[in-house]
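A short write-up of the structure that comes next.
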Amino acid sequence: MISDKIQTALNKQINEELFSSYLYLSMAADFEARSLMGAAKWMKVQAEEEREHALKFFHFILERGGEVELLPIDKPQKNWKSPLAAFQDAEKHEQHITRCINDLYELAAKEKDYATQSMLKWFVDEQVEEEASVGEIVAKMEMVADSKNGLFMMDRELGKREED
């Protein structure tokens, strides 16, 4: 059985993951409006991954005999001044999600909820990958700077991302 404290925190994380999905869909829309279809594809794949993360929490709560409570999802930003700015925001957002996951892990440890700690281990590892992936894109976009050719090449590279 899941404690009320853990259940509340995990339901909040479902909301964080669904907001992440909305945010990345919003970034995809902004990229498509700029004809950056590769970056848009990358963000759509990321949005779907975040939705899957929400479902992992959703199913875990139910498996533990808890109750899922879907909270209202905030409206994400819809425009960015540049592709670099969008990816920088994505990087900041992933850092925020890492802090959320770490806080959940700390709560589960404090509550001696070993099942939740075990489940969260996957998310701890996943966030290392998420931050590294977006961080690499930000670094490459910073190298490209204002080069339209460089942005074109980056967009092509981003479009090669496969669904996980």
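For segment 4-158, the residue among MET141, ILE14, PHE152 whose Cα projects farthest onto the positive side of the dipole built from Cβ charges is PHE152. Each of TRP42, TRP80, TRP122 has some number of other Cβ atoms within 10 Å of its Cβ, and from fewest to most they run TRP122, TRP80, TRP42.
The H on the amide N of GLY66, modeled in the peptide plane, is under 5 Å from the matching H of ILE2, each at least 5 residues off or on a different chain.
When the Cα positions of MET119, THR98, PHE87 are compared along the charge dipole of segment 69-164, PHE87 comes out farthest toward the positive end, with charges on each C-beta of Lys, Arg, Asp and Glu. Summing Cβ point charges (Lys, Arg +1; Asp, Glu -1) relative to the Cα centre of segment 80-164 gives a dipole of roughly 220 debye. As a length-normalised measure over Cα pairs under 8 Å and 6 or more apart, the relative contact order of the chain settles at 31 percent.
Think of each Lys and Arg Cβ as +1 and each Asp and Glu Cβ as -1; about the Cα centre, that makes the dipole of segment 4-158 roughly 340 debye. Each of THR116, THR98 was scored by other Cβ atoms within 10 Å of its Cβ. Listed from fewest to most, they are THR98, THR116. Taking other Cβ atoms within 10 Å as a rough exposure proxy, MET119, MET1, MET27 sort from fewest to most as MET1, MET119, MET27. Measuring between their Cα centroids, segment 72-144 and segment 2-54 lie 10 Å from each other. Of all lysines in the structure, those lying under 18 Å Cα to Cα from LYS75, and not within fewer than 8 positions of it along the same chain, are LYS12, LYS44, LYS92. Over segment 1-70, one equal point on each Cα, no solvent: what is log10 I(q)/I(0) by the Debye formula at q = 0.16, 0.18 Å⁻¹? Debye output, listed in q order: -0.57, -0.64. First measure r as the distance between the Cβ atoms of VAL68 and SER147, then evaluate 1/(1 + (r/R0)^6) with R0 = 45 Å and state the FRET efficiency to the nearest 0.05. The value I calculate is 0.45.
Over the C-alpha atoms of segment 77-139, the Rg to Rh ratio, Rh being the Kirkwood estimate, stands at 1.13.
A short reminder: the numbers here are calculations on the coordinates, not readings from a lab. Please read these numbers as outputs of a predicted model, since none were measured by experiment. As a convention, Cβ positions derive from the backbone with ideal geometry for all residues, glycine included, and neighbour counts pool all protein chains shown.
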